[in-house]
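Data block below; observations after.
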């Protein structure tokens with residue numbers, strides 16, 4: 001069946017990850033996504049690397065299923081084409097540099113007059129009205145500014161969380177906002193514009209450490225593959241050179257870990273470990289005991305025992321391990337998608353909707369759909385050729 005957003009048209013003025021993740025998510029639910037790119041190179045994420053048969057891994061990841069229309073928005077002719085596109089669109093998503101949409105005449109106020117009913121979503125770095133609002137913002141920069149790097153890594157060695165979580169989560173918040181506004185519009189609510197900043201997103205994701213520090217005065221230190229909030233909770237080497245991750249989240253689980261997994265009733269009865277706060281305080285003692293036990297056993301044995309005791313556990317995997325992960329294979333999570341370089345594997349999106357198979361469309365070449373989309377807008381072939389001669393389209 002068609003996706004829940006079938007019939008919705010999204011125009012995207014986007015680059016890098018945050019807005020492309022938003023629009024790819026909307027496309028996964030059935031929306032039509034028209035990606036407007038600069039004729040001179042397009043989305044700069046196209047050129048980050050060339051590992052996917054000459055295409056960039058970032059671009060292939062977040063741009064499947066879109067139509068690429070190459071317009072020079074600084075030219076009057078290119079701008080006019082964009083506005084004809086917006087006349088037929090339901091949503092405009094952008095993440096251009098600060099102030100660019102206003103310069104292009106695409107501010108919320110402009111759109112309210114020129115395209116009433118259009119849902120406009122702008123993703124930026126820091127949000128308007130603050131001392132950092134003018135700054136460019138990339139994932140690493142915002143993760144550093146928001147404190148995320150300070151709670152990642154190890155004491156004295158802060159690190160950026162590996163995935164671009166500021167970009168991805170901002171894109172997902174933007175997509176969620178679009179869906180909420182489309183739903184509200186269908187119920188007669190007035191259309192509104194949406195602003196999502198990477199910094200606000202990361203401040204939200206930092207909710208636990210910020211709340212803890214505000215009320216305790218303590219800045220918790222990062223613990224690598226562990227958590228300052230819970231103990232025991234961490235990674236331990238096994239006898240066969242693997243790494244197992246074991247976790248408890250409450251006192252009952254701790255009792256099972258100590259008695260049934262480690263066979264250490266002495267630890268279970270020790271007053272130093274009675275509550276989670278006590279165990280966090282004496283983390284080093286517990287970690288040493290658990291590490292010594294894991295070091296005597298192979299990974300498979302540790303995990304089987306942990307499963308039997310109802311203790312959460314996982315294997316530390318690398319990227320190659322995940323590509324071959326049996327959980328993904330058994331659940332048929334991989335699909336082939338087309339690209340300008342040929343078919344490549346891609347993961348299905350996380351939501352599984354009964355009766356709906358995500359479209360998993362092709363990754364577009366720059367300007368691949370310019371002619372088709374302009375013809376759909378009513379431009380005759382000779383006018384399209386003239387626009388191309390002017391450099392307004394590609």
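The values are calculated or read from the model by the stated rules, or taken from the named source; none is laboratory data. In this text the structure is predicted, and so the values were computed from the model without any measurement. No Cβ is skipped: glycine too gets one built from the backbone with ideal geometry, and neighbour counts run over all protein chains shown.
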message = Looking only at segment 246-256, filter to residues that are touching a helix residue (DSSP H, G or I) at 6+ places or on another chain (Cβ under 8 Å) and in a loop (DSSP other than H, G, I, E, B); which one of those is nearest to residue 295 (Cα to Cα)?
response = 248
message = Criterion first (outside the structural domain of residue 154 (by TED's automatic domain parsing) and either under 29 Å from the mean Cα position of the chain (by Cα) or not in a helix (DSSP H, G or I) (or both)) does residue 221 satisfy it?
response = yes
query = So which residues in segment 45-59 are within 22 Å of residue 96 (Cβ to Cβ) and in contact (Cβ under 8 Å) with a residue 60 or more places away in the chain?
reply = 46, 59
ask   = Of all residues in segment 6-45, how many are touching a helix residue (DSSP H, G or I) at 6+ places or on another chain (Cβ under 6 Å), within 19 Å of residue 194 (Cα to Cα) and part of a loop (DSSP other than H, G, I, E, B)?
value = 3
task = Taking only segment 19-78 into account, find how many residues are over 21 Å from residue 394 (Cα atoms) and under 18 Å from the mean Cα position of the chain (by Cα).
result = 15
request  = Residue by residue through segment 229-245, note down the ones that are under 17 Å from residue 279 (Cβ atoms), touching a strand residue (DSSP E or B) at 6+ places or on another chain (Cβ under 8 Å) and in a loop (DSSP other than H, G, I, E, B).
outcome  = 230, 232
ask   = Does residue 337 satisfy the condition of being out of contact with any strand residue (DSSP E or B) (no Cβ under 7 Å at 6 or more places or on another chain) and in contact (Cβ under 8 Å) with a residue 24 or more places away in the chain?
value = no
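Can you list the strands (runs of 3 or more DSSP E) found entirely within segment 285-394 that contain at least 3 residues being farther than 23 Å from residue 15 by Cβ and touching a helix residue (DSSP H, G or I) at 6+ places or on another chain (Cβ under 8 Å)? Walk me through it before giving the result.
Numbers: elements: 312-315, 334-337, 344-347.
Filter on segment 285-394 gives 312-315.
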inquiry  = Checking residue 86 against (1) out of contact with any helix residue (DSSP H, G or I) (no Cβ under 6 Å at 6 or more places or on another chain); (2) at positive phi, only one condition comes out false. Which one?
reply    = (2)
key: Residue count, segment 193-217 (criterion: in contact with a helix residue (DSSP H, G or I) (Cβ under 7 Å, 6 or more places away or on another chain) and assigned to a loop (DSSP other than H, G, I, E, B))   = 1
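Of all residues in segment 259-282, which are closer than 22 Å to residue 229 by Cβ and in a helix (DSSP H, G or I)?
Step one: of segment 259-282, the residues closer than 22 Å to residue 229 by Cβ are 261-262, 267-268, 270-282.
Of everything in segment 259-282, those that are closer than 22 Å to residue 229 by Cβ and in a helix (DSSP H, G or I) turn out to be 261, 267, 268, 271, 272, 273, 276, 277, 278, 279, 280, 281.
With over 14 Å from residue 10 (Cα atoms) and modelled with pLDDT of 95 or more as the only criterion, which of 92, 106, 86 stands out? Spell out how you get there, then give the answer.
Working: 92 fails: over 14 Å from residue 10 (Cα atoms); 86 fails: over 14 Å from residue 10 (Cα atoms).
Exactly one residue qualifies, and that residue is 106.
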query = Residues in segment 193-201: is at least one closer than 13 Å to residue 19 by Cα, surrounded by 18 or more Cβ atoms within 10 Å (Cβ to Cβ) and free of Cβ contacts under 8 Å to residues at least 60 places away in the same chain?
reply = no
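Does segment 351-374 contain at least one residue that is surrounded by fewer than 16 Cβ atoms within 10 Å (Cβ to Cβ), within 29 Å of residue 176 (Cα to Cα), under 22 Å from the mean Cα position of the chain (by Cα) and in contact (Cβ under 8 Å) with a residue 24 or more places away in the chain?
If we filter segment 351-374 for residues that are surrounded by fewer than 16 Cβ atoms within 10 Å (Cβ to Cβ), which is where we start, we get 351-355, 357, 365, 372.
With the extra rule that they be within 29 Å of residue 176 (Cα to Cα), the set shrinks to 351-355, 357, 365.
Checking which are under 22 Å from the mean Cα position of the chain (by Cα) leaves us with 351-353, 357.
Adding the requirement that they be in contact (Cβ under 8 Å) with a residue 24 or more places away in the chain leaves 351, 353.
Yes: one or more hits.
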ask   = Could you give every pair whose Cβ atoms fall below 8 Å, whose first residue belongs to segment 379-391 and is farther than 15 Å from residue 82 by Cα, and whose second residue is not in a helix (DSSP H, G or I), counting only separations of at least 6 or pairs across chains?
value = 390/75
key: Number of positions in segment 162-192 that are surrounded by 15 or more Cβ atoms within 10 Å (Cβ to Cβ) and either modelled with pLDDT of 95 or more or assigned to a helix (DSSP H, G or I) (or both)   = 18
key: Hits in segment 205-223 (condition: surrounded by fewer than 13 Cβ atoms within 10 Å (Cβ to Cβ) and under 30 Å from residue 22 (Cβ atoms))   = 207, 211
